[in-house]
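Below you'll find the structure, written out as structure tokens, and then a few comments.
The values are calculated or read from the model by the stated rules, or taken from the named source; none is laboratory data. In this text the structure is predicted, and so the values were computed from the model without any measurement. Cβ atoms come from the backbone with ideal geometry, glycine included; neighbour counts cover every protein chain shown. The area values use the complete protein model at the heavy-atom level, side chains included, leaving out ligands, DNA and RNA. Shrake-Rupley method; radii C 1.70, N 1.55, O 1.52, S 1.80 Å.
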Amino acid sequence: MTEGKKKQQPTSSFVVGAIALVFLIIGYEAALFIHKAAVLRIAANRDHPDTVYVVDRALARELLGVAERADRADSAGIAPTAPGTSAAPAASGASEGDAGPVTVRRNAPHSPAVVAVREKAAPRRVESFRFNPNTVSVEDLQRLGFSLKQAQSIDNYRLKGGRFRRPSDFAKSFVVSDSVFQRLKPYIDIPLLDINRADSASLLALPGIGPYFAGKIVSYREKLGGYSSVEQLLEIYHFDADKLAGLRDLVTCSAPVPFALWTLPEADLARHPHLSRTEAHAIVLYRQHHTPEACTLDGLHKAGILSEEHFAALSRCLLAPAH
């Protein structure tokens, strides 16, 4: 009887093997738990990128190169709210020179392994925030709801020289579906080009503007002392209404320095494109014999000093007051 019971007892090797199996199972479960926790952590961090808060828009461009083509691969989208939150739609078409507090999204570089884990993890939270499709980063395009492949396609288009002039241009991209565009349309913010600040290279991006007209816009701006309205582009030789209509919604005009008609010396007045030497001389005589209150364009016109053409052209200019 005693010998039978001894035969039924497990051997020491079996006990050791069973204990090892238990530890193996526990280790495997622990590894699965740690792996899952790590994946969840990496996926969660994807929706909370590093951010840099910049007060001045011009400073943001200077320090981070948001507006530079050469830095497009690393450039960040500009949003009015903190990352991870949805921004209320802002009025599109703000000038590039507009000031005001902005939040610039800047993501730190990550290893391919981390990127792969994020792509295989649960779908990221889709956000809607203000962005410029010409400068928004690949990471932020994904946050807007695009896949990595779609975001890279948009970025490749930009790197090859493509540009979205209007929201409708962004809608024409084959990776932007109608439903996605309708959701993002209120948040698309493509800055208008300021014709009083843009150089000839920037002007070349406008439809119908080649090197000739880009140079003419800059040179005529210098003669005027700055455009007072976009419509003054029509005063450029051969710049017609059709050409203006093609870019009217893409440009803006910041206020120029007022033309000091009532204080400049005769030689400076004569250099203005809307004044002849004779008119400049007559204006100097007119203001010497009239009070500041009487120094008006209408007064010059009624006195026969200004031609009809120059009177109409000067009426479109921003003039400094006589007093």
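Remarks
- Residue match in region 145-152 (condition: open to solvent by 10 Å² or more (accessible area, probe 1.4 Å), under 27 Å from residue 217 (Cα atoms) and of a type outside the set (Gly, Ala, Ser)): no
- You will find that of 199, 178, 189, the residue that is open to solvent by 70 Å² or more (accessible area, probe 1.4 Å), out of contact with any Asp or Glu (no Cβ under 9 Å at 6 or more places or on another chain), charged (D, E, K, R) and touching a residue at least 12 places away in the same chain (Cβ under 8 Å) is 199 and no other.
- Qualifying residues in region 153-175 (those that are in a helix (DSSP H, G or I) and aromatic (Phe, Trp, Tyr)) - the one surrounded by the fewest Cβ atoms within 10 Å (Cβ to Cβ): 157
- Only residues that are under 17 Å from residue 153 (Cα atoms) and among the polar types (S, T, N, Q) were counted in region 166-184, giving 2.
One line per residue, one yes/no per condition, for (1) under 27 Å from residue 255 (Cα atoms); (2) at pLDDT below 60; (3) basic (Lys, Arg):
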| residue | (1), (2), (3) |
| --- | --- |
| 108 | no, no, no |
| 118 | no, no, yes |
| 151 | no, no, no |
| 164 | yes, no, no |
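- Within region 305-323, restricting attention to residues that are open to solvent by 60 Å² or more (accessible area, probe 1.4 Å) and in a helix (DSSP H, G or I), the residue that is nearest to residue 264 (Cα to Cα) is 315.
- Test result for residue 125, modelled with pLDDT under 90, more than 26 Å from residue 162 (Cα to Cα) and assigned to a loop (DSSP other than H, G, I, E, B): yes
- Selection over region 266-304 of residues that are open to solvent by 30 Å² or more (accessible area, probe 1.4 Å) and in contact (Cβ under 8 Å) with a residue 24 or more places away in the chain gives a count of 7.
- Enumeration of residues in region 246-265 that are assigned to a helix (DSSP H, G or I) and open to solvent by less than 70 Å² (accessible area, probe 1.4 Å): 246, 247, 250
- Looking only at region 264-288, residues that are within 40 Å of the chain's Cα centre (by Cα) and not aliphatic (A, V, I, L, M) come to 5 in all.
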